[in-house]
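The values are calculated or read from the model by the stated rules, or taken from the named source; none is laboratory data. All of these numbers come straight from a predicted model, not from anything done at the bench. The accessibility values were calculated without ligands, DNA or RNA, using every heavy atom of the protein model including side chains. Shrake-Rupley method; radii C 1.70, N 1.55, O 1.52, S 1.80 Å.
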Amino acid sequence: MSVDTDRLRRWRLVLGGEGAEGSGLADAQLSEEDSGVDKALAALYDKPDEDAAGGPRSANLGASAPRVARWLGDVRRYFPSTVVQVMQRDAVDRLGLTRMLLEKELLSAVEPDVHLVGTLLSLNSVLPEETKETAREVVRKVVEELERRLADRTRAAIKGALDKASRTHRPRPGDINWARTIHANLKHYSPELRTIVPEKLIGFGRRQQAVQRDVILAVDQSGSMAESVVYSGLFGAVLASMRALKTSFVAFDTEVADLTEHLADPVDVLFGTQLGGGTDINRAIAYCQGLVGRPEQTLLVLISDLYEGGDEDELLQRVAELVGSGVQVVTLLALSDSGAPSYDHENAAALAELGVPAFACTPDQFPELMAAAVRGDDLQAWVSRENS
């Protein structure tokens, strides 16, 4: 195929049948496979003929489940999984195909991804019983993939930070780290004594075997935070698996749900959330205050876009009390791959004045963020370095 012919073919596929009319591309030769690609794209992106249909039409895939299933199979055949995920999201948004996620046969045909999980969680209360197990399988597949990508990195980063934070220069004899002690005192070698005379001892305290930090994740489960909820559930389970941390997971909208007891399985955590509804951050922070037993060893991570439906003044007062008692408070405006979120700038600025940084964080950044928080680093400086 010549370069010009291939270019015409690509433009024909981009424009679609209707868009190509009058452009000279309508007669571009398409192979059998290209025709299949064209039909799959047209079903989703071509404008419906409202006059022929007698009014607006919500979908161009037809009403029957088999036809939708065929379309799902076609897009998986013609496009890579990343493109399939985008087209599936567009199908739900543009064509209103939420029923695609309410029927077991159709749900089992979709390409799982984080956005699909968020949609499933928002439909959790209306999923038919025969579909719920399939939905859990889809969610578990996504969670397991995310765990492979993120869990070990998170544990390693936080363990390293905890080890550094617990290091002591006055260890008891049984707690001396001889390798580090010798390395730190090499310059104090005595030729006369033919040995190193250590000026400082390095070791790890007994508390290394105990809980060193209390972590509270307070997660906004309003509809706009769907992707953040998915990642928060995963990271909550990972943190809970570390014996050096005591992890609590609090999900909230206008109500508060403590899902800590479900942290052994992130899928249970996610299905314990209820996406949608309003937001009462103040009520959630009030609940979290009651979980704080060791303020100076507590890290509270508020994951919210800060659009408050409750009492803003009381919220800021509660946060000030937490910070004043020694609790380290961090606000993540989003924990997602989606980039800069929409958020309440006034509340973010008010929290910053209290010494509480507010910024978005990607899942890949989260392990280092937590490590920096455990070490007591300046998180605002950390954010500046990450974004530079």
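When a/c is below 1.5 the answer is rounded, else prolate if a/b is larger than b/c, else oblate, so apply that to segment 281-346 with a ≥ b ≥ c taken from the square roots of the Cα gyration tensor eigenvalues.
It comes out oblate by the Cα gyration axes.
Quick one: Kirkwood hydrodynamic radius for segment 254-295, alpha-carbon pairs, angstrom, one decimal?
11.7
Radius of gyration and Dmax for segment 106-169's Cα atoms, expressed in Å?
17.9, 61
Shape of segment 249-388 from its Cα gyration tensor (a ≥ b ≥ c, root eigenvalues): rounded if a/c is under 1.5, otherwise prolate when a/b > b/c, or oblate?
It is rounded, given that a/c, with a ≥ b ≥ c, falls under 1.5.
With θ set to phi - 60°, apply the Karplus curve 6.51 cos²θ - 1.76 cosθ + 1.60 along segment 267-282 and write out the HN-Hα couplings as whole Hz, x wherever there is a Gly or Pro.
5, 4, 4, 5, 6, x, 7, 9, 5, x, x, x, 9, 10, 5, 4
Before I look further, what does segment 279-330 give for accessible area per residue, probe 1.4 Å, in whole square angstrom?
Ligands and nucleic acids excluded, the result is 42 Å² per residue.
Quick one: which of Lys104/Lys141; Lys164/Lys200; Lys159/Lys246; Lys132/Lys246; Lys200/Lys246 span more than 25 angstrom between C-alpha atoms?
Correct reply: Lys132/Lys246; Lys200/Lys246.
In whole Hz, with x marking every Gly and Pro, tabulate ³J(HN,Hα) for segment 370-383 from phi via Karplus 6.51 cos²θ - 1.76 cosθ + 1.60, θ = phi - 60°.
Taking θ as phi minus 60°, the curve returns 4, 4, 4, 5, 5, 6, x, 5, 6, 6, 5, 5, 4, 4 Hz for segment 370-383.
Keeping the other protein chains in place, figure out the carbon and sulfur percent of the accessible area of segment 237-388, with a 1.4 Å probe.
Details: 2920 of 6440 Å².
Heavy-atom surface of segment 237-388 belonging to carbon and sulfur, 1.4 Å probe: 45 percent.
Collect residues whose amide H, placed 1.01 Å from N in the peptide plane, falls under 5 Å from the amide H of Leu354; neighbours closer than 5 in sequence don't count.
none
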